[in-house]
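Everything on this sheet refers to the single structure shown next.
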Amino acid sequence: MLERLEQQKKLTLNQWRIILTANLGDMLDFFDFFLIGYVLAFILKEWNITYGQSALIFVSAGLGAVPGAFFWGWMGDRIGRRTVFILTALNVALATGIMYFTPGQDALIPGWIFLAFFRFFVGFGNAGMIAVDIPLVQEFVPSSKRGWVSGLTTVLLPAGNVLGAISGAYLAPVIGWRGLFLVGLTPALLVLMIRYWVPESPRFLMRMGRYEEARNSLAWALQCDPKEIELPTTIPDEEKTRWRELFRYPRSMAAACTIALSQTGGVGILMWITVLFVMVLKITPAEASYLMIWVGLLGIVGRLVASWMSDFFGRRASGFVIGMGGAIAMALAGYWYDVYIGTLSVFFLLIMIQRFFGDASYAIIGPYIAEVWPSRLRASGMGFSYGIGNLGKIIGPLGLALIVGSSDYVSPKVVPVALFPALLFLAFWYGQAALMFLVLGFETKGRSIEEISSALDAPATAAAAGPARAPAV
């Protein structure tokens with residue numbers, strides 16, 4: 001059934017609709033996720049929030065992201081990618097909107113605790129959406145285009161941060177920081193688009209033994225008559241998915257989880273950067289939000305470049321180059337935080353460069369950690385490794401806060417002393433991911449999902465030429 005898809009040379013309008021829907025989903029999802037950074041810039045000093053309290057607000061989303069990725073990834077293999085896509089969009093939107101009712105800092109339940117509690121559920125849904133939308137897109141396109149198409153799926157993710165920056169710079173002064181949370185209800189509208197545009201993955205339907213539905217889904221994507229696609233002569237039984245089977249693939253497990261931990265550096269800097277701009281550059285929160293618009297736009301460019309690199313140079317080489325670039329730029333930003341070229345801050349310039357590489361890494365890493373698992377475990381494997389990587393949403397913000405000084409009230413004079421070791425800590429995670437691409441990773445460029453699955457499931461007697469080596473071809 002999939003032969004016609006694999007022979008495809010040009011994507012159809014319907015395939016582009018799926019890509020667009022996933023892009024909008026990620027953009028709106030991450031608008032809600034990073035919105036807290038802009039809100040916090042407005043209430044930080046007014047509420048006398050400490051570094052420790054700020055870190056807990058940031059970290060709570062990471063705490064939710066770990067079980068969220070595990071749960072929704074597993075559900076994606078159980079009930080389907082499309083259904084989980086809808087549920088996670090609602091999850092994120094509702095958890096964000098309810099923070100409009102955040103009480104003041106002197107209330108019975110202090111505002112920072114209220115924010116931390118509901119940020120847990122934002123993270124729970126955010127991780128789940130990523131765990132299913134990339135596998136969904138990959139399963140609708142031919143192998144020859146899977147790298148750049150699935151990388152393209154992540155391109156608008158920084159635009160979510162740009163929307164947050166625009167909201168912080170222009171909307172917050174008008175509607176207040178609480179009003180920003182109401183804007184965060186927008187992803188709920190995505191549900192209508194998913195229901196109208198996005199069918200269930202044909203590969204998931206085939207695995208469930210629902211071949212007629214799979215043929216209709218595939219025909220919709222290819223925009224052809226379903227009768228032109230031949231059904232298999234024998235229909236195998238429904239293939240069950242057991243979460244514990246992931247541990248039968250130690251190389252996939254080790255590579256995907258260590259590489260996914262690069263987001264420790266990415267989330268760590270993105271959560272704090274608006275606040276750091278305020279303190280290091282001595283500017284207002286609105287001005288810092290404006291600078292973040294340019295940071296986000298360069299991140300989009302980085303993802304476009306990385307999406308192309310993924311299929312041109314391969315996943316391993318591209319992952320190594322992008323990861324090392326992110327590590328070096330992060331370390332230099334911390335070292336030269338107080339250097340200016342005329343009126344241009346080198347700190348701001350290097351953060352821009354870092355986000356080019358940092359955002360680019362997601363366009364390779366996200367698709368890659370979905371590719372290294374057998375077909376029947378793709379969403380579960382993606383969810384598990386992304387969930388482990390989501391520990392970075394805890395380690396990154398909390399680690400930076402501890403290095404800077406978690407018991408001190410926010411004060412510009414505290415930051416410069418510890419900025420270099422803090423950013424060096426974040427740089428480490430990009431560097432280790434780059435090395436893991438070379439040490440543990442195997443190449444998936446140009447190989448069909450079924451070919452990778454067969455190589456991983458090769459009999460143990462063929463191990464010398466099978467699962468350990470075949471994927472590296």
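Assorted remarks:
- Ordering of 75-86, 145-156, 122-133 by burial proxy (mean other Cβ atoms within 10 Å per residue, highest first): 122-133, 145-156, 75-86
- Normalised contact order of region 1-113, rounded percent, pairs of Cα under 8 Å and 6 or more residues apart: 28
- Paramagnetic reach from TYR100 (point 7 Å along Cα→Cβ, amide N under 11 Å) across region 164-195: 178-186
- Measuring r between the beta carbons of TYR170 and ARG248 and using R0 = 41 Å, the FRET efficiency lands at 0.20.
- With R₀ fixed at 41 Å, the C-beta to C-beta distance from ILE79 to ILE283 puts the FRET efficiency at about 0.30.
- Over the chain, accessible surface divided per residue gives 37 Å², non-protein components excluded, 1.4 Å probe.
- Extended-chain gain in nm, criterion 0.36 nm per residue less alpha-carbon gap, THR343 and ILE109: 79.8 nm
- Nonpolar atom fraction for the chain, defined as the carbon and sulfur part of the 1.4 Å probe accessible area, stands at 68 percent.
- Extension gain, VAL439 to LEU402: 0.36 nm times the residue separation minus the Cα-Cα distance gives 10.2 nm.
- Förster-model FRET efficiency, 56 Å R0, GLU46 and THR12, C-beta, rounded to 0.05: 0.60
- Under the convention that each Lys and Arg Cβ holds +1 and each Asp and Glu Cβ holds -1, the size of the dipole of region 250-371 around its Cα centre is about 200 debye.
- Modelled label positions at TRP294 and VAL191, each set 7 Å beyond Cα in the direction of Cβ, lie 4.0 nm from each other.
The values are calculated or read from the model by the stated rules, or taken from the named source; none is laboratory data. The shown structure was predicted, so the numbers you read here are calculated from the model rather than taken from an experiment. Using ideal geometry, Cβ is built from the backbone for each residue, glycine included, and neighbour counts are taken over all protein chains shown. All accessible areas refer to the heavy atoms of the entire protein, side chains included, with ligands and DNA or RNA removed. Shrake-Rupley method; radii C 1.70, N 1.55, O 1.52, S 1.80 Å.
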